[in-house]
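The values are calculated or read from the model by the stated rules, or taken from the named source; none is laboratory data. Owing to the predicted nature of the structure, the values given are computational and were not obtained by experimental measurement. In this analysis, Cβ positions are derived from the backbone assuming ideal geometry, glycine residues included, and neighbour counts consider all displayed protein chains. We work out accessible area using only protein heavy atoms, side chains counted, and drop any ligands, DNA or RNA first. Shrake-Rupley method; radii C 1.70, N 1.55, O 1.52, S 1.80 Å.
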Amino acid sequence: MDDSKITPTLAQAQAAWRERTEKGLARFPERKNLALDRLYTPLDTAQVDVLSDIGFPGEYPFTRGVQPTMYRARHWTMRQYSGFATAEESNARYKYLLGQGQTGLSVAFDLPTQIGYDSDHELALGEVGKVGVAIDTLADMEALLDGIPLDKVSTSMTINAPAAVLLAMYIAVAEKQGVAPAALTGTIQNDILKEYIARGTYIFPPAPSMRLITDTFAYCSRNIPKWNPISVGAYHIREAGADAVQEVAFAFANAIAYIEAAIAAGLKVDDFAPGISWIFTADLNFLEEIAKFRAARRLWARIMKERFGAHDKKSQMLRFHVHTAGSVLTSQQPDNNVVRIAWQALSAVLGGTQSLATCAKDEAIALPTEDSARLALRTQQLIAYESGVADTVDPLAGSWCIEALTDRIEAEARAYIARIDALGGAAAAIEKGYMQGEMANSAYAFQKSIETGERVKVGVNTFTQEETHSGEYLTVDPTVGERQVARLNALRAKRDAAKVSAALAEVRAVARSGENLMPTLISAAKTYAGLGEICGVLREEFGEYSAHADI
Amino acid sequence: MKRIRVLVTKPGLDGHDRGAKVVARAFRDAGFEVIYTGLRQTPEMIAETALQEDVDVIGLSLLSGAHNTIFPRLISELKARGLEDLLLIGGGVIPEGDIPSLKAMGVAEIFTPGTPTGKIVDFVAARAG
């Protein structure tokens, strides 16, 4: 890193130290299978160039952060993932969280909504309002956002296969509030490739799915420039079993596929790439996670510049949201999760995230209660205002360990991306089951390392205790499904059926013609056509995807 | 000795299949024959597969909160096919308070997050072996 100080003397001194240490190893053997080296010195970062590899925050290659002042000017957005039951109940939770100092919304949709079914569909039985809020029509979206000023609050929506339809509903609500599209800020997840390999809420086959994504890119860049039309999911790939390097590499490979599709559709990279945002996880290995965020920023900037010739700084910046890892939380001794979540969140902040969602301690058991949701938010506020880590930019830069790890993760991720390129890109690699197989292998190896005791999991395989589960957990009202279906039926009786039919026919025509679907989806939303009705038409036109079932 | 045949399945719309796949591999490594259905299975589909594949055990993975709806429907589909004696187990994000009623309706055991796969394998070997 600073060549002037790396003299033969240091190398010699280190070799001599190693030799002296070896003698003691017989008496104090090191733990086996650790991923990190015993010690990092300037010799490990000799290849790192301070100016071109680390540089300055706000400047290429953005290793130190995307903003020049980072949290000294403004903290990250505290954006808790929330949504359950009906639109009214979720709206009340949003208002509560905003009242507690949360600074942005993050909408969780229930599974029928995520898979494009109305609440009265056969497959929706038992799922309505469970893992998120049920949205059938524009009426639900109006209730969800009631009293929330959409020109001031930014909204992130975890929605993928039917993302274009939910965005259309959001635009329609904003219009009714008198907010112009150009004033809207927020994100739709809209990342279908990771649904095929990790998250499972796909609807259509890859080709029409890519077309929907390209349509939203084009529409957003022209009409709602401050909106992020995609949030590429690294998080879900990691949670489904990937390791840190695979998390970065597979998400980047997916994003490369979207960019290539958009360019093939005639868009210019600097017109849409500034709208690409990301979601990463913060897992438990504190140092590795910090290095991962730094490595990801640098690698993405280089890919955008070198591979796609992007000139706009915003195209090169990896702007990301972090959600702390839920899969590592335990149902045993759930209070331990408070501590895990705190250092996960700290790694995200030290890694320079733009926004953060912290899990609640009870998420291995149920949805968070109001109390546990508040504690999760307070965890972020404690880090922001009391820990001091937000007072200087990228405080761990220059640590030999962190810089060496940053370098290693970038190199290993680059090698993975080259392998995926050789397979024909992300879509082909997914079709061949490559990423799924790699993730399943990592997940199984991880689980076995816990069961053999090689990896200690506090409260699970070590430091266990007899437990009585006496805590209070949130339960979703079991009548929510019936209530939602009743609402939907009442609305269907009230709306103008002829207008709905005409709008659905128009959606079908545009789906066939290949023109941009967004304007007609907005018109359809305004007629109170159901999400399931709109997606039903698209299912008929596009077909449905059926996945691999390999273990 | 006849090898234990296990059907591992993801009912409903939930896409979280990491746990289902890990448990399926653990069953396979334990010498069981494993059939994994993949996602989006209805209770009818699961009962029908169990019948066709002549399995001894059905393992359901649920992280979506739909367990109180799906288990009763599956049990009635199994009864309709004379399969009520199959060993039925479940795993995933299922609150402790819901477990007694699931057991009362015929679910043999529920394994929550953090359960070692060895414990699940031992349970199945003891009850279905």
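Hey, got the dipole for the stretch B:5-128? About the Cα centre, +1 on K and R Cβ, -1 on D and E Cβ, debye to the nearest 20?
Charge dipole of the stretch B:5-128: 240 debye, to the nearest 20.
Where the centroid of each part is defined by its Cα atoms, how far is the stretch A:31-100 from the stretch A:103-128 in Å?
So the two Cα centres are separated by 29 Å.
Size of the stretch B:5-128 along its principal axes in angstrom, Cα-based, largest extent first?
Here the spans come out as 32, 32, 26 Å, largest first.
Just report the Cα centroid separation between the stretch A:499-546 and the stretch A:306-346, whole Å.
35 Å
In whole angstrom, note down how far apart the Cα centers of the stretch A:350-413 and the stretch A:230-258 are.
18 Å
Could you size up the charge dipole of chain A around its Cα centre, putting +1 on the beta carbon of Lys and Arg and -1 on that of Asp and Glu, and report it in debye to the nearest 20?
It comes to approximately 980 debye.
Report the FRET efficiency, 1/(1 + (r/R0)^6), for A:Lys176 and A:Ala509, where r is their Cβ-Cβ distance and R0 is 22 Å, rounded to 0.05.
0.25
In the protein assembly as shown, carbon and sulfur make up what percent of the accessible area (probe 1.4 Å)?
54 percent
Under a cut-off of 12 Å between alpha-carbon atoms, report the aspartates and glutamates in cross-link reach of B:Lys119, not counting same-chain residues fewer than 8 places apart.
B:Lys119 reaches A:Glu451, B:Glu109.
Identify all aspartates and glutamates with a Cα-Cα distance to A:Lys32 below 13 Å; exclude those on the same chain that are fewer than 8 residues away in sequence.
Answer for A:Lys32, where 13 Å is the Cα cut-off: A:Glu454, listed by chain and number.
Restrict the search to the stretch A:31-85; then list the trypsin sites (Lys or Arg not before Pro) that DSSP places in a loop and that have at most 12 other Cβ atoms within 10 Å of their Cβ.
A:Arg31, A:Lys32, A:Arg38, A:Arg74
Assuming R0 = 25 Å, what is the FRET efficiency of A:Lys95 and A:Val389, from their Cβ-Cβ distance, to the nearest 0.05?
Step by step, r from the Cβ atoms, then E = 0.25.
With the other protein chains left in place, how much accessible area per residue, in square angstrom, belongs to the stretch B:5-128 at a 1.4 angstrom probe?
Accessible area per residue, the stretch B:5-128: 37 Å².
If you place +1 on the Cβ of every Lys and Arg and -1 on the Cβ of every Asp and Glu, how big does the dipole about the Cα centre of the stretch A:270-398 come out, in debye to the nearest 20?
Charge dipole, the stretch A:270-398, about its Cα centre: 500 debye, nearest 20.
In square angstrom, rounded to the nearest 10, how much accessible surface does A:Asp371 have for a 1.4 Å probe?
For A:Asp371, solvent-accessible area is about 100 Å².
Protein chains only, probe 1.4 Å: how do A:Glu260, A:Glu467 rank by accessible area, largest first?
I get A:Glu260, A:Glu467, largest accessible area first.
Which entries of A:Lys176/A:Lys268; A:Lys130/A:Lys194; B:Lys10/B:Lys103; A:Lys23/A:Lys292 have Cα-Cα distances beyond 25 Å here?
A:Lys176/A:Lys268; A:Lys23/A:Lys292
Around A:Arg64, with a cut-off of 10 angstrom between Cβ atoms, what is the net charge of the other residues, counting Lys and Arg +1 and Asp and Glu -1?
It works out to a net charge of +1.
Rounded to the nearest 100 Å², what is the sum over both chains of accessible area buried where B meets A, with a probe of 1.4 Å?
3200 Å²
Can you compute the helix-only [θ] at 222 nm over the protein assembly as shown? Use -39500 (n - 2.57) per DSSP H run of at least 4 residues, normalise by all residues, nearest 500 deg cm²/dmol.
Helix-only estimate at 222 nm: -14500 deg cm²/dmol.
Share of antiparallel DSSP beta bridges in chain A, in percent to the nearest 5?
Within chain A, antiparallel bridges account for around 5 percent of the total.
Straight-line reach from B:Lys2: which aspartates and glutamates have Cα under 20 Å away, leaving out those fewer than 8 places along the same chain?
Answer for B:Lys2, where 20 Å is the Cα cut-off: B:Asp29, B:Glu33, B:Glu53, B:Asp54, B:Asp56, B:Asp85, B:Asp122, listed by chain and number.
Looking at A:Leu367, A:Leu504, A:Thr21, which one has the Cα that reaches farthest to the positive end of the dipole of chain A (charges on Cβ: Lys, Arg +1; Asp, Glu -1)?
Final value for the positive-end residue is A:Thr21.
Which of the listed residues, A:Ala296, A:His311, A:Asn441, is farthest toward the dipole's positive end in the protein assembly as shown, when Lys, Arg count +1 and Asp, Glu count -1 at the beta-carbon?
Value: A:His311.
Of A:Ala182, A:Ile341, A:Gln114, which is farthest along the charge dipole of chain A in the positive direction, counting Lys and Arg as +1 and Asp and Glu as -1 at C-beta?
It is A:Ala182, whose Cα lies furthest towards the positive end.
For all pairs of alpha-carbon atoms in the stretch A:251-347, what percent lies in each bin of width 5 Å, listed from the first bin to the last filled one?
Percent of pairs per bin, in order: 2, 13, 20, 19, 13, 11, 9, 7, 4, 2, 0.
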